1. All but one of (1) at pLDDT 85 or above; (2) assigned to a helix (DSSP H, G or I) hold for LEU194; state the number of the condition that does not hold.
2. Considering (1) surrounded by 14 or more Cβ atoms within 10 Å (Cβ to Cβ); (2) modelled with pLDDT under 70, say which one ARG351 fails and leave the rest.
3. Can you tell me which residues in segment 22-54 are aliphatic (A, V, I, L, M) and not in a loop (DSSP other than H, G, I, E, B)?
4. Name the residue that is surrounded by the most Cβ atoms within 10 Å (Cβ to Cβ), counting only residues in segment 153-191 that are at pLDDT below 90 and not in a loop (DSSP other than H, G, I, E, B).
5. So, ARG412, is that one more than 23 Å from ASN247 (Cα to Cα), modelled with pLDDT of 70 or more, in a helix (DSSP H, G or I) and under 35 Å from the mean Cα position of the chain (by Cα) or not?
6. I'm trying to understand the selection: among the residues of segment 81-101, which are surrounded by 17 or more Cβ atoms within 10 Å (Cβ to Cβ), within 36 Å of the chain's Cα centre (by Cα) and of a type outside the set (A, V, I, L, M)?
7. Identify the single condition in (1) at pLDDT 75 or above; (2) surrounded by fewer than 11 Cβ atoms within 10 Å (Cβ to Cβ); (3) not assigned by TED's automatic domain parsing to the domain that holds ASP460 that GLY332 does not satisfy, given that it satisfies every other one.
Amino acid sequence: MTDSVDGPAVSPDTSLDDLLQADLPVQLAALEALTGAIAGADIQDERDHHSGPELGEASVRVHRICSRLTGKRYQWLMVEEADGRWATSTFRPRTFASYVAQSHHISYANANRTVRLARQLRDAIPCFGTALRAGRVGPDHIEALAATALTSPTRVAALAEPVGSAESEEQTPPGADQPEETVEEFLLDQARQLTVNQVRRLGRHFARVADPEADERGYRDAKQREYVELVRTLDGWHLSGFLTEENGRLIRTALDALMSPPAPDDERTGEQRRAQALADVAHLVLDQGLVGNRASVRPHLGVLIGAAELDQLLINAHEPDQGTPDSARSAGASWETPALADLAGIDWAARLREQSPTFDDGTGPVPPALLRRLATCGGIYRVLFSPEGEIINHGRERRLFTPAQRRALVARDKGCTWPGCTAPPAICESHHARIHWADGGPTNTTNGALLCYHHHAVVDDRSISMTRHDHQWIFTLPDGTLINRDLHPPVERDIWSDTG
């Protein structure tokens with residue numbers, strides 16, 4: 001393959017109508033000649049004959065032309081891949097992406113993205129491919145949607161589902177033979193009116209509606225990969241690690257809160273000031289004695305959620321996950337990907353118009369497990385908005401356990417009640433132990449117990465029940481297996497010791 005497409009020379013006498021009816025080699029030769037004339041024009045001459053806005057409009061038109069041709073190029077690449085003769089080329093490529101990287105003289109990463117998107121346009125979102133070639137959407141819109149909406153087989157399958165709604169069915173005359181709009185076509189109509197960032201948010205919202213379990217699996221996988229390593233080196237300490245979205249936001253919020261504006265003579269970089277802020281967090285905790293006797297203060301992790309979805313979360317907060325056997329849950333086995341969900345019963349038009357829960361800065365998605373825990377353990381504020389988006393009322397925070405009740409729980413439990421856990425009250429939450437709050441459990445010390453952040457999530461995720469016997473808490477798995485101290489011996493943690 002050469003740098004340009006060899007084709008017959010285009011005669012100056014060839015009319016536009018002749019070019020439109022010509023075969024592909026002739027059209028490409030004309031396109032190359034026209035591109036050479038435009039690209040080789042002297043910019044000063046263009047300035048003399050055209051104003052700045054006129055050249056800016058020319059830039060927009062060329063951009064749209066390139067976008068449409070990009071959509072066509074994706075089609076050509078898929079035909080070449082299916083043909084198969086690329087595998088015997090002189091490049092001796094191992095994959096089609098490798099072949100594209102060498103033939104197009106681009107990086108392998110760029111070629112891999114190109115081939116993946118071309119396949120998605122052919123197999124998953126063909127309507128978007130047609131719209132791209134027609135100039136109705138741009139490549140950036142399609143990349144934003146593909147990166148967020150095509151992230152599981154269930155989500156891809158949902159795109160072919162009819163949108164449907166009670167409203168549309170009532171407006172359709174009886175006996176009318178009108179093809180139903182698919183979810184992909186619905187998303188395409190929305191994307192044509194949105195910016196790239198708005199399309200990305202739309203894709204995330206669709207993904208959550210179509211397959212919420214995919215976000216749950218991603219969150220669990222991220223929890224498994226989470227780590228922090230602090231290693232002594234010759235001249236200091238080396239810090240590395242990976243945090244989930246939840247924990248990363250908590251750490252970043254704490255660091256940003258301690259990073260006051262730099263003094264006029266402060267020449268440190270932002271990274272250097274952030275490193276000092278991390279040390280300041282440790283100073284604050286240790287100097288103020290917050291590890292041993294912290295008051296009942298919640299982390300500053302904000303989530304915006306509608307009232308109806310919050311109520312549903314509270315109802316379902318303690319329902320066991322039907323997709324995972326209790327034996328696997330108790331053994332800590334990996335969570336298997338469920339089969340494709342039943343998508344026929346979803347009212348897509350209604351669901352896609354809803355607002356998904358987000359973090360307080362508008363980003364997401366918020367993992368469902370985190371939503372359930374915050375709904376039952378966090379402080380809740382009610383904010384009422386007018387139809388125009390203006391705030392009508394901002395209610396006070398509603399908390400479950402009062403500070404006095406928490407102090408009583410601290411005096412009785414003295415830390416996390418999970419067998420063998422030595423976490424102090426400072427990093428424990430007040431949990432409705434005997435009867436869950438969503439099930440009508442009272443908020444009192446008889447029904448309350450302290451659990452550290454980690455074991456609180458374990459109890460909720462594994463649907464572990466708690467009962468109190470002989471002044472101690474008994475933990476029982478859904479299959480009736482008792483969790484006792486023999487299975488979880490105490491672990492000494494020097495971090496909690498008083499070294500003086």
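1. Of everything listed in (1) at pLDDT 85 or above; (2) assigned to a helix (DSSP H, G or I), LEU194 misses just condition (2).
2. (2)
3. Correct list: LEU24, VAL26, LEU28, ALA29, ALA30, LEU31, ALA33, LEU34, ALA37, ILE38, ALA39, ILE43.
4. SER168
5. Working: more than 23 Å from ASN247 (Cα to Cα): yes; modelled with pLDDT of 70 or more: yes; in a helix (DSSP H, G or I): yes; under 35 Å from the mean Cα position of the chain (by Cα): no.
Against the criterion (more than 23 Å from ASN247 (Cα to Cα), modelled with pLDDT of 70 or more, in a helix (DSSP H, G or I) and under 35 Å from the mean Cα position of the chain (by Cα)), ARG412 does not qualify.
6. As a first pass, look at segment 81-101 and keep what is surrounded by 17 or more Cβ atoms within 10 Å (Cβ to Cβ): 81, 86, 93, 96-101.
Narrowing the set further to residues that are within 36 Å of the chain's Cα centre (by Cα) leaves 81, 93, 96-101.
Listed by number, the residues that qualify are GLU81, PRO93, PHE96, SER98, TYR99.
7. The number of the failed condition is (1).
To keep it simple, each residue is scored yes or no on (1) in contact with a Cys (Cβ under 8 Å, 6 or more places away or on another chain); (2) of a type in the set (A, V, I, L, M, F, W, C); (3) touching a residue at least 24 places away in the same chain (Cβ under 8 Å); (4) closer than 17 Å to ALA149 by Cβ.
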| residue | (1), (2), (3), (4) |
| --- | --- |
| LEU77 | no, yes, yes, no |
| PHE91 | no, yes, no, no |
| THR95 | no, no, no, no |
| VAL100 | no, yes, no, no |
| SER103 | no, no, yes, no |
| ILE106 | no, yes, no, no |
| ALA109 | no, yes, no, no |
| ILE125 | no, yes, yes, yes |
| LEU132 | no, yes, yes, yes |
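The values are calculated or read from the model by the stated rules, or taken from the named source; none is laboratory data. Everything numeric here is computed off the predicted structure, so don't read it as measured data. All Cβ positions, even for glycine, are placed from backbone atoms using ideal geometry, and neighbour counts span all protein chains on display.
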